[in-house]
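Have a look at the structure below, then the notes.
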Amino acid sequence: MDATRSSGSLVCVGLGMTLGAHLGPLARSHIEQADVVFAALSDGVVELWLNRMHADVRSLQPYYREGCSRMDTYWQMVGAMLAEVRAGKRVCGVFYGHPGVFAWVPHKAIEMARNEGYHAHMEPGVSAEDCLYADLGIDPGAYGCQHFEASQLLFYQRRIDPTAYLILWQVGVVGDQSMTRFSTNAAYRQVLVDVLARDYPLDHEVIIYRAATLPIERPRIERIALGVLAQAKIGMAETIVIPPARPMQADPEILARLNALDRAVGMPS
Amino acid sequence: MLDVIDFMERMGGDAQLSQASPSELTLALADTGISTELQSAMLARDAQQVEMLLGTKAVCMLVAPPGPPGFGPHHAPFPVAPPPPLPEEEWEQYQGEH
Ligand SMILES: C[S@@+](CC[C@H](N)C(=O)[O-])C[C@H]1O[C@@H](n2cnc3c(N)ncnc32)[C@H](O)[C@@H]1O
């Protein structure tokens, strides 16, 4: 592997969630100064906007085909970007939101480019997560906040902490083991509800959230009971937020230890 | 003369315009060269209609794999989370074999 190879580079940047609102100056400059730009964005209008920033913007959209494994699609996306890096181009991958948040392709492309000796890095962007904290008035530090890819909660035995916020991504395709579908139906969401019902009462409030992608839009904020989540309309762009269901429990043993330490250092406790 | 993309870029980045009331938005749109059809879609905050009028379509936007167990190294040559633990009998059998 040639660690000193100089030409050919990759940067993955985020366009943020809302057209015109979130793109930072550094990310914009990377786009403008690249030789080739690849794009995986949230909607067609945003793609039109990006097309104005560079003469050679190549959409990664055509790689998605319902019925084909998304994993194959992801590899094709990585391959398309790396081919240009290897050809000596300065490549910029543009992703909606934050390029490293619930986004496998940019991480993998950067890792592979680095392994081959090319300069590759990521610039952060404003993700759906950032928008939801603002739009829903949530501070992840208040009670803590767990994030899961929704299917992972079904495929694996995960430990949910119902005293913290729980944020579920990709609920629109929850339970799709084939990775070939763009949506799954209410029956799949019912399995998710059943899993969540181990930790939450069915009348517990859940929030269906969708950040605005165009500045003319308002965010979707819909509060419903967990019990009817399966029947709700949830697409690819929705994120589900579950507020804490129980108060945090004090840990007397640890508090006693801390009190003893306080006494030892002469602190009033 | 601003077109719809220029206008939305400006709107997204402008403190006042991004919070505009319907009448302020109507006024701001009147100064542009945007078609009346598009203007009404924007005033109705109807993103789908805007998409349709611009001839763009909804896109797939999933780039994060959930990594189901057993998806195999060919399909998931990334550090997948380890598969769920085997049921107890299978585990004993597995240990016996190894
Ligand atoms: C592959 S992830 C990409 C996330 C993106 N990289 C980011 O920074 O937000 C796709 C998931 O992000 C969330 N998402 C995407 N667009 C969203 C939006 N407009 N509002 C809320 N969540 C969104 C949904 O959970 C969706 O299933």
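The values are calculated or read from the model by the stated rules, or taken from the named source; none is laboratory data. Given the structure is predicted, the values throughout are model-derived calculations rather than measurements. Please note: Cβ atoms are built from the backbone with ideal geometry, for glycine as well, and neighbour counts cover all protein chains shown.
Some notes on this structure:
- The set of residues from segment A:117-132 being more than 8 Å from the ligand (Cβ to nearest atom) and touching a helix residue (DSSP H, G or I) at 6+ places or on another chain (Cβ under 7 Å) comprises A:TYR118, A:ALA120, A:HIS121, A:MET122, A:GLU123.
- Filtered residues of segment A:104-122 (kept if away from chain B (no Cβ under 14 Å) and buried (at least 21 other Cβ atoms within 10 Å of the Cβ)): A:ALA113, A:TYR118, A:ALA120
- Only listed residue being at pLDDT 65 or above, surrounded by 11 or more Cβ atoms within 10 Å (Cβ to Cβ) and of a type in the set (Ser, Thr, Tyr), chosen from B:THR56, B:THR36: B:THR56
- Any pair with Cβ under 6 angstrom, 6 or more apart, that starts in segment A:251-269 at a residue that is within 23 Å of A:THR163 (Cα to Cα) and ends at one that is assigned to a loop (DSSP other than H, G, I, E, B) and among the polar types (S, T, N, Q): none
- Some residue of segment A:72-92 being among the hydroxyl-bearing types (Ser, Thr, Tyr) and either in contact with a strand residue (DSSP E or B) (Cβ under 8 Å, 6 or more places away or on another chain) or touching a residue at least 40 places away in the same chain (Cβ under 8 Å) (or both): no
- Remark: A:ALA83 falls outside the filter, which requires a residue to be assigned by TED's automatic domain parsing to the domain that holds A:ALA230, at pLDDT 95 or above and part of a helix (DSSP H, G or I).
- Residue check, A:GLN152 free of Cβ contacts under 8 Å to residues at least 12 places away in the same chain and not in a helix (DSSP H, G or I): no
- A search for C-beta distances below 7 Å between a residue of segment A:94-119 that is without any contact (Cβ under 8 Å) to a residue 12 or more places away in the chain and any residue that is more than 13 Å from the ligand (Cβ to nearest atom), counting only pairs 6+ apart in sequence or on different chains, returns A:ARG114/A:ALA120.
- Restricted to segment A:178-198, and to residues there that are assigned to a loop (DSSP other than H, G, I, E, B) and buried (at least 16 other Cβ atoms within 10 Å of the Cβ), the residue that is modelled with the highest pLDDT is A:THR184.
- Meets criteria (outside the structural domain of A:ARG210 (by TED's automatic domain parsing), crowded, with 18+ Cβ neighbours inside 10 Å and on the phi > 0 side of the Ramachandran plot) for A:GLY8: yes
- Exactly one residue out of A:VAL101, A:VAL173, A:VAL85 is more than 13 Å from chain B (Cβ to nearest Cβ) and either within 16 Å of the ligand (Cβ to nearest atom) or over 23 Å from A:GLU66 (Cα atoms) (or both): that is A:VAL85.
- A:ALA55 being more than 9 Å from every other protein chain (Cβ to nearest Cβ) and assigned to a helix (DSSP H, G or I): no
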